[in-house]
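Notes to accompany the following structure.
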Amino acid sequence: MRMKSLKSTTTLHNGVKMPWFGLGVFKVEEGQEVIDSVKTAIEVGYRSIDTAAVYGNEEGVGKAIAEVDVPREELFITSKVWNTNQGYESTLNAFDESMEKLGLDYLDLYLIHWPVPELNKYKETWKALEKLYKEGRIRAIGVSNFKEHHLKDLLADCEIKPMVNQVEYHPRLSQKSLHEFCKQQQIQLEAWSPLMQGQLINDPTLSEIAEKYNKSTAQIILRWDLQNEVVTIPKSIKPHRIKENADIFDFELSAEDMDKINAMNQDKRVGSDPDHMNKY
């Protein structure tokens, strides 16, 4: 596992290379804010951008991609189908809408945003993703916020295994057994809210480790993600923070410090529990 720069990648089980590090744009405002955020990130060297239909900023992401001087094939763009669009036909339509907003010919990764147990439509939705994947319109397909039992249910009769599972992941929620299960199934784990929405910035354990490496607590957490082989996509709209977040390739956490951070887990979520997230 070589992680030397922002261009370092993990290889998904279908052979597609996905950057270990990217920019998330959750709650980044449509228009100039998201355009500037994405352009800054790409100029700094980021190659992976993660959006979703429900974020309402796919158009801005698309504009930024069109305005930067980086070939499309060097970028890795992710979007997600929202809960209200789950189901076979509605997912196909939602995908077309996202592509129109993004102004792209293909997507690198498309995810089911939540399992939404009350709807019980993620298997139908997955069939739509498989169709789009076979047609070459998406390079990789996956899920988001799926627990082990949701994955087992999906794996029982899917044709193509998910390549990625994007979940809430940070030192207070390290989801160890889910991570192990994903590894066994060759499903790449990806972290959303890696910084626990800023709640860990002043944590004493992390602050002490940060001081030792002369890094920020955010950089320590993001490095911990990578060394745990978890793809990470921190969000920021501040240019200096976008740069700083990415400055994590010039040091390595010791095994002892990794253990200290691993020991911080409390199974504590800042987002919804996927078993009870039924918004649609």
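The values are calculated or read from the model by the stated rules, or taken from the named source; none is laboratory data. Computed from a predicted structure; not experimentally measured. Note that we place each Cβ from the backbone using ideal geometry, even for glycine, and neighbour counts take in every protein chain shown. The area values use the complete protein model at the heavy-atom level, side chains included, leaving out ligands, DNA and RNA. Shrake-Rupley method; radii C 1.70, N 1.55, O 1.52, S 1.80 Å.
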- line: Here the residues within region 170-187 that are in a loop (DSSP other than H, G, I, E, B), among the polar types (S, T, N, Q) and out of contact with any strand residue (DSSP E or B) (no Cβ under 7 Å at 6 or more places or on another chain) are 174, 185, 186
message: If I filter region 65-99 down to residues being open to solvent by less than 10 Å² (accessible area, probe 1.4 Å) and farther than 17 Å from residue 51 by Cβ, which single residue comes out as farthest from the chain's Cα centre (by Cα)?
response: 87
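Step by step: first the residues of region 21-38, then only those that are open to solvent by 10 Å² or more (accessible area, probe 1.4 Å) and hydrophobic (A, V, I, L, M, F, W, C), then the one that is nearest to residue 52 (Cα to Cα). Which residue is that?
26
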statement: If we keep only residues of region 43-60 that are among the aliphatic types (A, V, I, L, M) and in contact with an Asp or Glu (Cβ under 9 Å, 6 or more places away or on another chain), then the residue surrounded by the most Cβ atoms within 10 Å (Cβ to Cβ) is 52
task: Tell me, yes or no, whether region 78-97 has at least one residue that is assigned to a helix (DSSP H, G or I), modelled with pLDDT of 95 or more and of a type in the set (Phe, Trp, Tyr).
output: yes
- prompt: Just wondering, is there one or more residues in region 102-118 that are within 22 Å of residue 24 (Cβ to Cβ) and in a helix (DSSP H, G or I)?
  reply: yes
task: Scan 102, 151 and give me the residue that is open to solvent by less than 10 Å² (accessible area, probe 1.4 Å), touching a strand residue (DSSP E or B) at 6+ places or on another chain (Cβ under 8 Å), under 26 Å from residue 22 (Cα atoms) and in contact (Cβ under 8 Å) with a residue 40 or more places away in the chain.
output: 102
statement: When restricted to 190, 208, the only residue touching a strand residue (DSSP E or B) at 6+ places or on another chain (Cβ under 9 Å), modelled with pLDDT of 95 or more and acidic (Asp, Glu) is 190
query: Which ones in region 31-64 are within 16 Å of the chain's Cα centre (by Cα) and assigned to a helix (DSSP H, G or I)?
result: 38, 41, 53, 54, 55, 58, 61
